[in-house]
């Protein structure tokens, strides 16, 4: 029976230490959470600014639900595009210094829609090998020719660009790489776009809200502006709510409205979310102390873990991966922390390359010095 083969594949996955489990959260997202009936100190959320349970966002969503109800009822192009959506798109475009912006229900859908709408057969995509899975899937669906360059290897990227002549050229990269925490060499990559007549799609899921002046993201951090840039960011991480957007020139946004299948054929997100996100954007841009405190926590963690046998990977972002090695050792270390009341996830292949299983420590502006010190102390106690 076909189910027997499925079970065999699951058994093999478990034998290799690759079985994943969903843990049931019973409290709001935050630093102190309740997980399956027990309290834990959490270092595994992408809620980088501590906004996911902010009272102003909760109040804005409640107001939105009272005014608009709880569902959008249809896709944006049928009858699901509300005034709250349009207002927030306008605010986003202004915030990231782009002519226009378009909301998507998730970052995955935003990447699928943008790549599929902008390139196809006869075109070429150039992509960093460590890009997010959504970008990899988007490339395959586009049916364009795919060329993947070594992680952050701008020289190899240029060689590939020099050899491509026909069709559109689209370079795709994460701005902050989600499992390593390092950043792309965006100024050099954008310079190549100018020289080789290419577009640049930047996935700033982990940079938006955290990097740049007022949290405007990686473009502001590197002081970059170009009509060649198609900018994608998610709204469920530093922004604390849900969804994603793409910001670009008006002709690009109109092309996505007309051609991006993941936009056209998806029910719009509830308009109440857009009101919550407007409140989030206001806090994100005005409360610089959140980013300042976050960077203090990053510095404290890196100093405190510098002498461990497991090495922190090079990162100045809230993503602080502790390289362990084997799948079994990474899971054992995560379980030992969990037994001490600290939740840090073990990340294993295929999310990361074989032999590089790690703990993905994520920090938040809601963490205190005492919280970080507790994690540092626990990891030192677990050194064999």
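The values are calculated or read from the model by the stated rules, or taken from the named source; none is laboratory data. Keep in mind that this is a model prediction, so the values were computed, not measured. FYI the Cβ positions are ideal-geometry reconstructions off the backbone, even for glycines, and counts take in every protein chain you see.
Assorted remarks:
- For the stretch 212-222, residues that are touching a helix residue (DSSP H, G or I) at 6+ places or on another chain (Cβ under 7 Å) and surrounded by fewer than 24 Cβ atoms within 10 Å (Cβ to Cβ) total 6.
- Count of residues meeting criterion [assigned to a helix (DSSP H, G or I), closer than 18 Å to residue 72 by Cα and over 22 Å from the mean Cα position of the chain (by Cα)] in the stretch 239-266: 2
- Filter pass, residue 351 being outside the structural domain of residue 234 (by TED's automatic domain parsing) and closer than 24 Å to residue 134 by Cβ: yes
- Considered as a group, the residues in the stretch 72-90 that are part of a loop (DSSP other than H, G, I, E, B) and in contact with a strand residue (DSSP E or B) (Cβ under 8 Å, 6 or more places away or on another chain) include one that is nearest to residue 212 (Cα to Cα), and that residue is 72.
- So residue 54, is it in contact with a strand residue (DSSP E or B) (Cβ under 9 Å, 6 or more places away or on another chain) and either in contact (Cβ under 8 Å) with a residue 24 or more places away in the chain or under 30 Å from residue 356 (Cα atoms) (or both): no
- Filter pass, residue 205 being in contact with a strand residue (DSSP E or B) (Cβ under 7 Å, 6 or more places away or on another chain), surrounded by 16 or more Cβ atoms within 10 Å (Cβ to Cβ), in contact (Cβ under 8 Å) with a residue 60 or more places away in the chain and in a helix (DSSP H, G or I): no
- Among the strands (runs of 3 or more DSSP E) confined to the stretch 91-181, the ones with at least 1 residues that are surrounded by fewer than 22 Cβ atoms within 10 Å (Cβ to Cβ) are located at 100-104, 124-128, 145-149.
- The lone criterion from (1) part of a loop (DSSP other than H, G, I, E, B); (2) in contact with a helix residue (DSSP H, G or I) (Cβ under 6 Å, 6 or more places away or on another chain) left unmet by residue 65 is number (1).
- Test: residue in the stretch 100-115 that is more than 17 Å from residue 248 (Cβ to Cβ) and in contact with a helix residue (DSSP H, G or I) (Cβ under 6 Å, 6 or more places away or on another chain): yes
- Number of positions in the stretch 38-57 that are in contact with a helix residue (DSSP H, G or I) (Cβ under 8 Å, 6 or more places away or on another chain) and part of a helix (DSSP H, G or I): 2
- Only residues that are more than 17 Å from residue 197 (Cα to Cα) and in contact with a helix residue (DSSP H, G or I) (Cβ under 8 Å, 6 or more places away or on another chain) were counted in the stretch 147-172, giving 2.
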